[in-house]
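The values are calculated or read from the model by the stated rules, or taken from the named source; none is laboratory data. From a predicted model like this one, the values you see are computed outputs, not experimental measurements. As a convention, Cβ positions derive from the backbone with ideal geometry for all residues, glycine included, and neighbour counts pool all protein chains shown. Just the protein is used for accessible areas: all its heavy atoms, side chains included, with ligands, DNA and RNA removed. Shrake-Rupley method; radii C 1.70, N 1.55, O 1.52, S 1.80 Å.
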Amino acid sequence: MRVLFVSSEVFPLIKTGGLADVSGALPAALKTSDVDVKCLIPGYTSVLEKVENKTHLGTLEVFNNISCELISATIPNTKVEVIIIKHAGLYERDGGPYTHPHGHDWSDNPMRFGVLSKVASLLSIYQSFWSWVPDIVHCNDWQTGLTPYYMRQQGITDAKTLLSIHNIAFQGNFEQHWIQSLGLSPIDFQIDGFEFYQQVSFLKAGIFYADQISTVSPTYALEIQTEAFGFGLEGLLQIRSKDITGILNGIDTDEWNPEADPYLPSTYSEKKLAGKSQVKTALQEALHLTADSKKPLLGIVSRLTHQKGLDILIESMPELIELGCQFAVLGGGEKSFEAQFLAYAEQYPNQVAVTIGYNEPLSHLIMAGADIFIMPSRFEPCGLNQLYGLRYGTPPVVSNTGGLADSICHTNDETIKNNTATGFVIENVNKMSLLVTIKQALSIWNDQKTWKKIQKNGMKKDVGWKHSANAYVELYKKLLN
Ligand code: ADP
Ligand code: GLC
């Protein structure tokens, strides 16, 4: 089975969030399940720098006046083959994959990801330099949403399409004038097509034209079919309901392994937890927090956006600081959240440490050194940090939504007794609920014997990719039948 896995970010080549983690780890897991998988990604500068064994494949004319060189290479560590779309003008820039260094979106994003979508469709048919034609084109999020459309447009029926939705809040909706430069047919600018409230919608196109649709947790698969979570696409998703599957993400258990994590000053395991306290001390020292093992340390590693519910945490912090909690916050995003976290850090330097920006080593250190991980998301398609929390013996406090609801078992008398408790689930995303739940976690943390049980329950859980990769293989088989 040949699968072309198309994504706008792939760890460790380029990453802004969980999509990259999934796009790095899932193809590697598929490879071990005997799937012949290749990734397709834009040639951002960091991608060109980090891949190994680059070889020129050929040149494709994508749109009028836009030709791209295609390069084959391998991803370090996993050795998965990646096809890189090289176009200096579109992709080799400072800043992020979607944003200018000043933070605003690149104005030509429709073209940058229109090219990605179109190349995926062109690689689904024979080219003079390309005979590896996929059976399945696995698209991810809005950046690849036009691929199923372009494939229909070209009459490609041999290769089937799967669209995985990692976050329906990001839809890639752009002004109507893009129709022409993206080579779309004006006739399909309608409700039964890629039109969405008078805009060209990449994600809607994907949902409308893909053969199958998946999302990253079973609960989110149901949630997006409701008005509360569907961001306007719930109607179409209801129509496509029988073609939607929810598959919970796994994590890369080599990259995230407390027994062999190169970013940690000491390693530990479920059987030997002692090393975790040493990491906590090292984290407190590194962040200039009072180095005291008796102070509960709460960790946050996140995009700082409305989705993640961190405004609720910000409101709750004075009371938690009063209770003696420490905070290690790492993230970036909305300026007002950054400013509010930084203000606490300035006021309480021994209790609150805030690092703004993207920092891989610190994210591992916080995950391992914190006692409790906080994730009060308003919606969370899957969420990976709570899974890292399980693996690192850092029980998470999560909201009752999406993949959080599917992966964390709330602690109560019964779940303590039957060894299924792995974390703490907030009933509602509001200050009162969050405070009640964090206080419950703190009271159990004070009873270290029970706490260790919860840590161990989490650390024993199989959060790797094997199970989920098998579920994708089943879905691919269904598509081919
Ligand atoms: P999302 O993709 O919605 O941001 P996920 O929980 O699926 O949420 O994945 C987020 C990923 O990005 C995790 O691997 C997390 O550790 C990482 N991450 C988020 N913010 C930062 C940051 N500031 N520095 C380092 N890693 C981060
Ligand atoms: C998105 C979601 C997140 C999910 C990730 C990977 O970024 O917000 O919940 O874990 O994609 O699927």
statement: Taking 0.36 nm per residue of separation between residue 169 and residue 322 and subtracting their Cα-Cα distance, the length gained on full extension comes to 51.5 nm
task: Starting from the Cα coordinates of the stretch 386-481, work out the convex hull volume and express it per residue in Å³.
output: 107 Å³
task: Restricting things to alpha carbons, find the Rg to Rh ratio for the chain using the Kirkwood radius for Rh.
output: 0.98
- prompt: Lys/Arg Cβ at +1, Asp/Glu Cβ at -1, dipole of the stretch 1-138 taken about the Cα centre: which of 111, 7, 89 is farthest positive-ward?
  reply: 7
Net charge over other residues, Cβ less than 15 angstrom from the Cβ of residue 248 (K, R count +1; D, E count -1): -4
message: What distance in nm lies between label points placed 7 Å from Cα along the C-beta direction at residue 290 and residue 154?
response: 6.4 nm
task: Hey, could you grab the Kirkwood Rh for the stretch 274-460? Inverse mean 1/r over distinct alpha carbon pairs, Å, one decimal.
output: 16.1 Å
field: ³J(HN,Hα) computed for each position of the stretch 139-149 - Karplus, 6.51 cos²θ - 1.76 cosθ + 1.60, integer Hz, glycine/proline x
entry: 8, 9, 6, 4, 4, 10, x, 7, 4, x, 5
query: Using only helices, what value at 222 nm comes out for the chain when you add -39,500 (n - 2.57) per DSSP H run of length 4 or more and divide by the total residues, to the nearest 500 deg cm²/dmol?
result: -11000 deg cm²/dmol
Extension gain, residue 100 back to residue 32 (0.36 nm per residue minus Cα-Cα distance, nm): 20.8 nm
- prompt: Which whole-number percent gives the relative contact order of the chain, counting Cα pairs below 8 Å spaced six or more residues apart?
  reply: 12 percent
field: Sequence-distant residues sharing a close amide H with residue 99 (under 5 Å, placed H)
entry: 106
- prompt: Tell me, what ³J(HN,Hα) does each residue in the stretch 229-246 have, in order and in whole Hz, if you take phi through Karplus 6.51 cos²θ - 1.76 cosθ + 1.60 with θ = phi - 60° and put x for Gly and Pro?
  reply: 10, x, 6, x, 9, 4, x, 4, 5, 5, 4, 8, 2, 6, 9, 10, 10, x
query: Roughly speaking, what is the stretch gain from residue 315 to residue 359, that is 0.36 nm per residue apart minus the C-alpha to C-alpha distance, in nm to one decimal?
result: 13.3 nm
- prompt: For the stretch 274-460, what is the relative contact order in percent, using Cα pairs closer than 8 Å and at least 6 residues apart in sequence?
  reply: 21 percent
field: Long-range HN-HN contacts of residue 330 with modeled amide H, under 5 Å
entry: 300, 301, 302, 355
task: Scan around residue 161 for amide H atoms under 5 Å from its own, H built in the peptide plane at 1.01 Å from N, and keep only partners 5 or more places away or cross-chain.
output: 137, 211, 212
field: Cα→Cβ-extended label distance, 7 Å offset, between residue 259 and residue 79, nm
entry: 2.3 nm
Alpha-carbon centroid distance for the pair the stretch 130-158 / the stretch 247-313, whole angstrom: 39 Å
Whichever lysines have a C-alpha closer than 23 Å to that of residue 449, once near sequence neighbours (fewer than 8 apart) are set aside: 271, 272, 276, 280, 294, 295, 417, 439, 460, 461
message: Taking the alpha-carbon distance from residue 31 and a cut-off under 18 Å, which lysines remain once sequence neighbours fewer than 8 residues away in the same chain are dropped?
response: 79, 466, 477
query: Across the stretch 415-424, in residue order, what do the Karplus-derived ³J(HN,Hα) couplings come to in whole Hz, using 6.51 cos²θ - 1.76 cosθ + 1.60 with θ = phi - 60° and x for Gly and Pro?
result: 6, 5, 5, 8, 6, 10, 5, 10, x, 9
query: Counting Lys and Arg as +1 and Asp and Glu as -1, what is the net charge of the other residues whose Cβ lies under 13 Å from the Cβ of residue 390?
result: +1
query: Based on the inverse mean of 1/r over its pairs of different Cα atoms, what is the Kirkwood hydrodynamic radius of the stretch 57-121, in Å?
result: 13.0 Å
query: Distance from the Cα centre of the stretch 366-417 to that of the stretch 34-81, in angstrom?
result: 36 Å
- prompt: What does the charge add up to near residue 478, with Lys and Arg as +1, Asp and Glu as -1, over the other residues with Cβ less than 14 Å from its Cβ?
  reply: -1
query: Helix 274-286: angle to the longest alpha-carbon principal axis of the chain, degrees 0 to 90, nearest 10?
result: 80 degrees
message: Tell me the per residue accessible area of the chain using a 1.4 Å probe; a whole number in Å² is fine.
response: 40 Å²
- line: To the nearest 0.05, the calculated FRET efficiency linking residue 226 and residue 339 through their beta-carbon distance, R0 being 35 Å, is 0.55
- prompt: Carbon and sulfur: what percent of the chain's accessible surface (1.4 Å probe)?
  reply: 50 percent
query: What nm distance separates the two modelled labels at residue 456 and residue 277, each placed 7 Å from Cα along Cα→Cβ?
result: 1.7 nm
statement: Treating only Lys and Arg (+1) and Asp and Glu (-1) as charged, each at its beta carbon, one finds that the chain has a dipole about its Cα centre, in Debye to the nearest 20, of 1080 debye
